[in-house]
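Just so it is clear, none of the values below were taken in a lab; they were calculated from the coordinates. Since this is a predicted model, take the numbers as computed values, not measurements. Counting neighbours? That spans all protein chains shown, and the Cβs are built from the backbone with ideal geometry, glycine included.
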Amino acid sequence: MNTVKIAARHAATGPVVEIVGDLDHATAHELRDFVARTGLRPGQRLVLDLARLEFCDSSGITALIAARNHAVAAGADVALAAVPANTLRVLRIVGLDQVFPLHPDAHSAIGDHPTAAPPG
């Protein structure tokens, strides 16, 4: 049975959602539902931390797009962090690397957002 664990933490720029496990046809609805319940304000950034994502199929990619659409509708933006190589390859093939800002880790996805507090 495929499983996914989704948890959020708050950063100065907005929510950081960590996705752990398999994001596929059996679990993608969990991300869509989770993000739909996530309150976003204009100017915030929704970071999807994929560092512990093990597998992502087309349903998972669709859930990532739904998360982006939710953010845009709220006047926020979205970024993907620590995208695994196999998922990154798919994103590049279908051109979604041009739609999603990609970051090596959640820290950098938070750090370059214009509303982030200055260091120090």
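Ranked highest first by average number of other Cβ atoms within 10 Å, how do 101-107, 14-20 line up?
Going from most to least packed, we get 14-20, 101-107.
Given Cα pairs under 8 Å that are at least 6 residues apart, what percent is the relative contact order of the chain? Mind dumping the intermediate values first?
Values: 228 pairs, mean separation 31.3, N = 120.
Taking the mean separation of contacting Cα pairs over the length of the chain, I get 26 percent.
Hey, what does the equivalent ellipsoid look like for the chain, semi-axes from the Cα gyration tensor as sqrt of 5 times each eigenvalue, largest first, whole Å?
In descending order the semi-axes read 22, 15, 13 Å.
Near ALA76, within a Cβ-to-Cβ distance under 13 Å, what is the net charge of the other residues, with Lys and Arg +1 and Asp and Glu -1?
For residues surrounding ALA76, the net value is +2.
When DSSP assigns beta bridges and you keep just the ones with both residues in the chain, what percent turn out antiparallel, to the nearest 5? All intermediate terms of the calculation are to be shown ahead of the outcome.
Details: 8 of 21 bridges.
Counting only bridges with both partners in the chain, antiparallel ones make up about 40 percent.
Round to the nearest 10 and give me the degree value, 0 to 90, for the angle of helix 58-73's Cα axis relative to the longest principal axis of the chain.
Taking Cα atoms only, the helix is inclined about 30 degrees.
Say each of ASN2 and ARG52 gets a label point 7 Å from the Cα, pointing the same way as Cα to Cβ; how far apart are those two points in nm?
A separation of 1.9 nm, rounded to one decimal place.
If eta is 1.306 mPa s and T is 10 °C, what Stokes-Einstein diffusion coefficient results for the stretch 38-103, Kirkwood Rh from Cα pairs, in µm²/s?
In µm²/s, the coefficient rounds to 132.
First measure r as the distance between the Cβ atoms of THR62 and ARG41, then evaluate 1/(1 + (r/R0)^6) with R0 = 22 Å and state the FRET efficiency to the nearest 0.05.
The formula returns an efficiency of 0.30 here.
Of LEU102, PRO15, PHE55, which is farthest along the charge dipole of the chain in the positive direction, counting Lys and Arg as +1 and Asp and Glu as -1 at C-beta?
Ranked along the dipole, the leading option is PRO15.
Expected output is a single nm value to one decimal: the length gained when fully extending between ALA85 and VAL72, i.e. 0.36 nm times separation in residues minus the C-alpha distance. What is it?
Between ALA85 and VAL72, full extension yields 2.1 nm more.
Using the beta-carbon distance between SER108 and HIS25 and R0 = 30 Å, what value does 1/(1 + (r/R0)^6) give for FRET efficiency, to the nearest 0.05?
The calculated FRET efficiency here is 0.45.
Using a simple charge model, +1 on the beta-carbon of Lys and Arg, -1 on the beta-carbon of Asp and Glu, nothing else, what dipole does the chain show about its Cα centre, in debye to the nearest 20?
It works out to roughly 260 debye.
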